[in-house]
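Visitor: Have a look at this one before I ask anything.
Every number here is computed from the coordinates shown, using simple stated rules; none is lab data. Remember, it's a predicted structure, so these values are computed and weren't measured experimentally. Backbone-built Cβ (ideal geometry, glycine too); neighbour counts: all protein chains shown.
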Amino acid sequence: MKTSNGSFFMGIPKVSLAFLTVVIMFQQMILGSQEPACHMNDLTALKGFAKCLEPDIGGWNWSSSNCCSFTDIICDNSSDIYGRVVGLELGNKRLTGTICESLVGLEQLRILNLSLNSLHGKIPANLFHFRNLEVLDLSNNYLVGPLPSAIHLPSIKYLDLSKNYFSSFISMRFCTSSSHIQYLDLAHNFFGEGSIYLENCTSLQYVFLNGNGLSGTFPEDLFRLQHLRVLHLQQNQFSGPLSYGIGNLSNLVELDISLNDFSESLPDVFGRLRKLESFSASSNRLTGLLPASLVNLASLLRIDLHNNSLDGPIRINCSAMAQVTSLDLASNNFQGPVPASLSSCQSLRALDLARNKLGGVVPFEFRNLNALEYLSLGNTSINNISTALEILQHCKNLTILVLGLNFYQEEMPSNVNLQFTSLKALIIPVCHLRGSLPIWLSSSKMLQLLDLSWNSLRGSLPSWIGKFEYLFYLDLSNNSFSGEIPESLTGLENLVHKTALLKESSEHFSLVKSKEQGRPRLAYNDVWSFPPTIDLSRNMFSGPIWPSFGNLKNLHDLSLEENNLSGSIPDSISGMTSLEVLDLSRTNLSGEIPRSLEHLSFLSVFNVSYNRLYGDTPSGGQFMTFPESSFDGNQALCPRLLAPCQRKQIPPVVSPGKKMKIVDWNFGIGAATGFLLTVFFCFKSGWVLPKGRVCRY
């Protein structure tokens, strides 16, 4: 991770303390000296380097020959005659262009940080031949091409080339000439197939190879790295069983092999990894039982094994794993009841057992999980929602609670004594729960996200639903709520003024909400990144769309489709300046589409189909991007890009409480005048009793 100013020293959280101390002392020693003029060779190299970049580097004054006074340049001023450039700290400077060959003229360079810029093209091969270079950070750029086959960096300790477009792995000779390297980050490139040659980099402590296309079995070269502390291999294409050789890495603290194709059972070697704190093997094809050595490992703080095919009972030994804080076993084939023994894991902050074959009820002992902040038991076939909520209310730190796809057709508990004072997200969809919106929810003052969709809840919405200061996401769709939409919803504080900070952490756990074939799939991802939403669709609401909805300036998604509303679309809706989705289809609305909606510059989904709208369809702003299906089923609505609607196409509107008079005195005068004129023209033309003829009927 880089800091906002790109500084390497403050931005790398995983480098050993000893190494950081040496680097900082080295920097202070250099900066503490006086500043003699820089060496002419260094000045020439910097001028050539700067010519390949845009924009000009701030604080580099070419009218001065003393480059040691330039911003972000570190010089070794130990000589009384001239200083030598030993460090370039140019991270996050918004630089574009290429890395010029002239940079290699800085022959004394020890630190080169060009991270978090927009540099492109290939790297000059000579850049990998600095004899004194200890730190090289080119991460987060657009650099391409294969890495040089000959890399000679004998002093390198820290190398970060992550998040670029490099296409070939470092050669097997790299470790021969760079044996002192401790930190290697090659994540998120395009290395693809090829062997990994790191066995001679015996000083390596941190290795990040995630987010590439690496394939084959677990790289056995890594088993020889006895000092390795952090190993990330996630998001590759490794396959086969996880080798027993992983037990050789006795200093390992963090291991992530998730999002690969590893199969078969986990090896029972975790007893040899006595320093392991974090283990993630999610989204593989692992099978079998949890190894005894894993569920008894005292050092473990975090386990993430979700989305595999592991089975058997969940037997976590909380007596041994007293410090575990996060446990994610979701989307497996675990059987048996929810284990009450988990209540002994007193440090547990996040627990996800969703999408397993558990059944039963929430254990009474769960009331003792005092540290618990996140709990997901969705789609586990548990029952008795009343008991579950009565138990879980005692978890005073509970922030996110997910219980969906359980409790089929049970009654939503209305116990007024339920108290969830810390709750920020309550997610209980797809349960077909009966009853009404429970009043105990009104005491959850911290609530930010509420999802009770796809149930069978009835009755009107109480006005307190709009009194939550921090609520930004409300989904009550696919229920049977009736009555008017509470006008209090249009004053939700967080959607009017954005009062709550939504960037909150939920450990390693995530919840992603998506829809499949019209129904939600209970997988959520980063709850706090959800778009601010009010979804009341597919209910039985009546009454108007309140003009005060326009106050919700921070709302992104308003969905009211398939209700029995009345009236027109308020012109004030245009005040919802952040709106991205507006679905008012099949709501029985009448009137014209307000032209002011053309000013909603973020609107990407708009649907008013199957209403009783008429008049011209707006064609400005985002309206040119909406498909014709967005306006289907409104017979008097004129298509876009045609001449304005003729008056006869617009149906008459009857004001509420007034009857239309078909016959009045104006109508009588007009009818009489028309009749007399008709008789006069008949006589004049000879149609009526002409001379010498009989009128024929």
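Visitor: Once segment 585-638 is represented by equal point scatterers at the alpha-carbon sites, with solvent omitted, what log10 I(q)/I(0) does the Debye formula produce at q = 0.12, 0.26, 0.32 Å⁻¹?
Guide: -0.23, -1.08, -1.42
Visitor: Another question about this same structure. Which of the pairs 396/424; 275/396; 445/498; 467/498 have their Cα atoms more than 21 Å apart in this structure?
Guide: The answer is 275/396.
Visitor: Rg over Rh of segment 71-121, using C-alpha atoms and the Kirkwood radius, what does it come to?
Guide: In segment 71-121, Rg relative to Rh is 1.03.
Visitor: Within a Cβ distance under 11 Å of residue 330, other residues only, what is the Lys/Arg minus Asp/Glu net charge?
Guide: -2
Visitor: Find how many whole Å separate the alpha carbon centroid of segment 208-283 from the alpha carbon centroid of segment 137-165.
Guide: Each part's Cα centre sits 23 Å from the other's.
Visitor: To continue, here is another question. Quick one: 396, 424, 163, 467, fewest Cβ neighbours within 10 Å first, how do they rank?
Guide: Sorted ascending by nearby Cβ count, the order is 396, 467, 163, 424.
Visitor: Considering amide H positions built from the backbone, and no H for Pro or chain starts, which residues 5 or more places from residue 611, or on another chain, come under 5 Å of its amide H?
Guide: 586, 634
Visitor: Using θ = phi - 60° and the Karplus relation 6.51 cos²θ - 1.76 cosθ + 1.60, list the HN-Hα couplings for segment 334-345 in order, rounded to whole Hz, with x at every Gly or Pro.
Guide: Once θ is set to phi - 60°, the couplings for segment 334-345 become 5, 10, x, x, 4, x, 5, 5, 5, 5, 7, 7 Hz.
Visitor: Considering amide H positions built from the backbone, and no H for Pro or chain starts, which residues 5 or more places from residue 87, or on another chain, come under 5 Å of its amide H?
Guide: So residue 87 has HN proximity to 74, 110, 111.
Visitor: Further question: Calculate the length of the line joining the C-alpha centroid of segment 558-592 to that of segment 304-359, in whole Å.
Guide: When both Cα centres are located, 45 Å separates them.
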